[in-house]
Amino acid sequence: MKTALVTGASSGFGLLAAVELARQGYRVFGTMRSPDKRGALDKACLEALVQVEVLPLDVTRQPSIDACLRALKTKAGRLDVLVNNAGIALGGYFEDQSDAEVREQFDTNVFGLMAMTRAALPLMREQGSGRIVNVSSIGGRVGTPGLAPYCATKFAVEGFSEALHHELGCDGIEVTLVEPGTFPTDIFFGNRRTAVAAARPDGPRRARFVAGERAVYDDMLHRNPDPKRVGEGIARAATEKKPKLRYPVGTDAQTASWAMRLLPARLWHFLVGQRFNAKAVPELAAVNAG
Ligand SMILES: NC(=O)c1ccc[n+]([C@@H]2O[C@H](COP(=O)([O-])OP(=O)(O)OC[C@H]3O[C@@H](n4cnc5c(N)ncnc54)[C@H](OP(=O)(O)O)[C@@H]3O)[C@@H](O)[C@H]2O)c1
């Protein structure tokens, strides 16, 4: 039976991808820092009549990564698909994010993903096959104000994955990227995080940040209400016979991915600025003034 390991499966895309892969016949291991948080995953499994096994994992701690891979090897003996999905995002303009806050995002989204990849590769090499699905973001291709360090982590994931795709492809190990647009998951609600300085009510960039965030929320609920699309997109990237390097998922991500290829760069960047820049959007300018 083919085996998949999905990091960050306590909520959001990781949970949905784990359930979808189990539905498609994979033996799935879903990881979370604290297995006490497995309630939502268990409920989703019950509804879908599938089983996902839970392993504890903090991608920022090497001993935790080693223990997770050891447990997987003992239980399943193989790893066909690794979904590097665990991630965090801190909102706030760059000047309002401390060095520690920036590093925390890199530790999870970039170095955690690299460490998991490094730990999984020996098993895939032994088998002579495997697939690594890295969950990036359309923010890994389009820089978004209010999320500069987060976008930087996802740009790093894009470059890393593209290079790895070439390094490993000829050895039977495929690397693909899933690039979701904005979807309502816990990252915007229960797991929502704002840099300390960006949350200060009297901060000089606070109004612009809040207005931009609000615009993204409204857009998200309007364009991409159903995060299941991403769970299915991850499963597609994990199972498609001849995988593509990139899978943009969501109306916003697909539009951006086409537009940046078709439009002259200057026009594309102007449009992105119009879309996000509070000064250029009348209703956001009104919030700024307030
Ligand atoms: N939602 C969006 O609009 C969106 C768009 C583009 C890309 N993404 C990306 O999609 C991925 C999943 O995000 P989501 O939207 O599904 O958010 P989410 O519901 O908040 O899920 C994030 C998951 O990451 C896990 N996690 C965080 N830090 C971890 C660590 N140090 N070690 C292990 N696991 C950790 C969390 O698990 P525990 O806290 O339970 O350990 C949680 O299960 C992230 O990489 C995110 O950047 C999201």
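The values are calculated or read from the model by the stated rules, or taken from the named source; none is laboratory data. This is a predicted model, so every value here is computed, not measured. Reconstructed Cβ throughout: ideal geometry from the backbone, glycine too, with neighbour counts over all protein chains shown.
Tell me whether segment 126-133 contains one or more residues that are part of a loop (DSSP other than H, G, I, E, B), basic (K, R) and buried (at least 19 other Cβ atoms within 10 Å of the Cβ).
No; the residues of segment 126-133 include none that is part of a loop (DSSP other than H, G, I, E, B), basic (K, R) and buried (at least 19 other Cβ atoms within 10 Å of the Cβ).
For residues in segment 214-234 being at pLDDT 90 or above and acidic (D, E), which is farthest from the ligand (Cβ to nearest atom)?
E232
Taking the criterion of being crowded, with 16+ Cβ neighbours inside 10 Å, among the hydroxyl-bearing types (S, T, Y) and more than 8 Å from the ligand (Cβ to nearest atom), would at least one residue in segment 108-115 satisfy it?
No - not one qualifying residue is present in segment 108-115.
So for segment 41-54 (the condition being within 22 Å of S129 (Cβ to Cβ), buried (at least 21 other Cβ atoms within 10 Å of the Cβ) and within 21 Å of the chain's Cα centre (by Cα)), does at least one residue qualify?
Scanning segment 41-54, I find no residue that is within 22 Å of S129 (Cβ to Cβ), buried (at least 21 other Cβ atoms within 10 Å of the Cβ) and within 21 Å of the chain's Cα centre (by Cα), so the answer is no.
So in segment 1-44, with the set limited to residues that are of a type in the set (A, V, I, L, M, F, W, C) and not in a helix (DSSP H, G or I), which one is nearest to the ligand (Cβ to nearest atom)?
Among those residues, the one meeting the criterion is M32.
Residues to consider are A120, A71, A67; find the one that is in contact with a Gly (Cβ under 9 Å, 6 or more places away or on another chain) and either under 25 Å from R206 (Cβ atoms) or modelled with pLDDT of 95 or more (or both).
Only one candidate qualifies: A120.
Give me a count of the residues in segment 223-267 that are under 22 Å from S11 (Cβ atoms), in a helix (DSSP H, G or I) and either touching a Ser or Thr at 6+ places or on another chain (Cβ under 9 Å) or among the basic types (K, R) (or both).
Adding up the residues that qualify gives 9.
If you scan segment 262-290, which residues turn out to be at pLDDT below 95 and either within 23 Å of the chain's Cα centre (by Cα) or among the small types (G, A, S) (or both)?
Result: V272, G273, R275, F276, A278, A280, A285, A286, A289, G290.
What tally of residues in segment 205-233 results from selecting those that are free of Cβ contacts under 8 Å to residues at least 24 places away in the same chain and either loosely packed, with under 15 Cβ neighbours inside 10 Å or closer than 24 Å to V133 by Cβ (or both)?
Residues flagged as free of Cβ contacts under 8 Å to residues at least 24 places away in the same chain and either loosely packed, with under 15 Cβ neighbours inside 10 Å or closer than 24 Å to V133 by Cβ (or both) within segment 205-233 amount to 2.
Being on the phi < 0 side of the Ramachandran plot and touching a residue at least 12 places away in the same chain (Cβ under 8 Å) narrows it down to one of D202, D186, so name that one. So that I can check it myself, show each step before the final result.
Values: D202 fails: touching a residue at least 12 places away in the same chain (Cβ under 8 Å).
So the residue among D202, D186 that is on the phi < 0 side of the Ramachandran plot and touching a residue at least 12 places away in the same chain (Cβ under 8 Å) is D186.
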